[in-house]
């Protein structure tokens, strides 16, 4: 009837929204997700997802696990997992990501590096390291 185990509450489920016609200058640190429909100049660091809407503009640094971009980004973008660029996206600067998804029509003018994971493969009792 009563369960002593507490449900795993995930702070990443929290969503922060920077609304259209809102400008923010500064640094943001959070565990939650972000949706930007306004303008941010500065740094966003989160272990969640960052979504930049069609009218959104970010100029600075973004570090996150996942990112979906429909608007404009300029600066340094570090995405640990998947970066998804929609057809209206306009990206410039330095980008480091795990995986990249780009829809036709997106503008991607950036220095790009893809994070590779190290895989250990067994070859007749010998270990060989390869990078992806």
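Bear in mind that the values in this text are calculations on the coordinates, not laboratory data. What you see is a predicted model, and the numbers here were worked out from it, not measured in a lab. Reconstructed Cβ throughout: ideal geometry from the backbone, glycine too, with neighbour counts over all protein chains shown.
For the stretch 75-87, what are the residues that are surrounded by fewer than 17 Cβ atoms within 10 Å (Cβ to Cβ) and more than 18 Å from residue 46 (Cβ to Cβ)?
Across the stretch 75-87, the qualifying residue is only 87.
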Taking the stretch 51-67 as the region of interest, how many residues are under 10 Å from the mean Cα position of the chain (by Cα) and either farther than 21 Å from residue 22 by Cβ or surrounded by fewer than 18 Cβ atoms within 10 Å (Cβ to Cβ) (or both)?
3
Across the stretch 40-50, the tally of residues that are surrounded by fewer than 18 Cβ atoms within 10 Å (Cβ to Cβ) and touching a strand residue (DSSP E or B) at 6+ places or on another chain (Cβ under 7 Å) stands at 4
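Only residues that are buried (at least 20 other Cβ atoms within 10 Å of the Cβ) and either within 13 Å of the chain's Cα centre (by Cα) or part of a strand (DSSP E or B) (or both): list them for the stretch 88-102, please.
91, 95, 97
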